[in-house]
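Structure first, then comments.
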Amino acid sequence: MKKRSLYVVVLGGLALGYTGASTLWPHQTRAEQIVELFQDYCLPPSSKHLEAKMKASLIRRDLFPKSTHWVDPASATILTRNARRCSIKTTAPSALTRQQAEELKARLDALVPDLFPSLRFDPKSTLGPETISTAWMQGGLASPDRWGVYAFSYPDWGENAGSILSFVRRPTSQ
């Protein structure tokens, strides 16, 4: 077999393999990955099972006393959670792009009303006109009874670019 024929066969095989793999295992967008993290790790209440699942799939980092951070290398995010709050953050240089942030907002705006019908969209929750924001909340501003889901992305802030998606649980008294 000539070298040229061998190259054609190898390149054809690689192309076919790549196409087949992307069909069998489609690549998730970064927004899809973050929403999946949100559903898998933020929504369930704390439990030994959840802790074991986090240890199996995320990288634990104890950055500050009494504060555990979980790193997801696939989505380049940092997850923190406690009994009442769970947050997923991105920071520069791995901040969301404007397109990724807009996709995340659209996905959350479709998902949250289905998950929590009692929450209402809060158009006043924003960090300014240059941010991409969404919030679905219940309870007065700064009230201990306030709970819900909010997301702020600020992709155009250079070295300070980042995002945060947070779920604040309903107070146990409700």
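List of remarks:
- Search result, residues across region 98-115 that are under 13 Å from the mean Cα position of the chain (by Cα) and polar (S, T, N, Q): Gln100
- When residues of region 39-53 are limited to those that are among the hydroxyl-bearing types (Ser, Thr, Tyr) and loosely packed, with under 14 Cβ neighbours inside 10 Å, the one farthest from Asn82 (Cα to Cα): Ser47
- In summary, Trp147 fulfils each of the numbered conditions (1) over 24 Å from Gln28 (Cα atoms); (2) under 16 Å from the mean Cα position of the chain (by Cα); (3) buried (at least 20 other Cβ atoms within 10 Å of the Cβ) with the single exception of condition (2).
One line per residue, one yes/no per condition, for (1) closer than 27 Å to Glu51 by Cβ; (2) of a type in the set (Val, Ile, Thr); (3) in a loop (DSSP other than H, G, I, E, B):
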site	(1), (2), (3)
Lys124	no, no, yes
Ser133	no, no, no
Asp156	no, no, yes
Ser163	yes, no, no
Ser166	yes, no, no
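- Flag for Ala101 being farther than 28 Å from Glu159 by Cα and out of contact with any Phe, Trp or Tyr (no Cβ under 8 Å at 6 or more places or on another chain): no
- With respect to (1) in contact with a helix residue (DSSP H, G or I) (Cβ under 9 Å, 6 or more places away or on another chain); (2) farther than 21 Å from Ala31 by Cβ; (3) assigned to a loop (DSSP other than H, G, I, E, B), the lone exception for Arg60 is condition (3).
- Of Thr126, Thr77, Thr90, all but one fail to be surrounded by fewer than 19 Cβ atoms within 10 Å (Cβ to Cβ) and either out of contact with any helix residue (DSSP H, G or I) (no Cβ under 6 Å at 6 or more places or on another chain) or closer than 15 Å to Tyr41 by Cβ (or both); the exception is Thr126.
- Any hit, region 107-114, residues being modelled with pLDDT of 95 or more and part of a loop (DSSP other than H, G, I, E, B): no
- Single match in Ser57, Ser118 (criterion: over 18 Å from the mean Cα position of the chain (by Cα) and either more than 14 Å from Gly162 (Cβ to Cβ) or surrounded by fewer than 13 Cβ atoms within 10 Å (Cβ to Cβ) (or both)): Ser118
The values are calculated or read from the model by the stated rules, or taken from the named source; none is laboratory data. Because the structure is predicted, anything quoted here is derived from the model rather than measured. Heads up, the Cβs are rebuilt from the backbone with ideal geometry, glycines too, and the neighbour counts pull from every protein chain shown.
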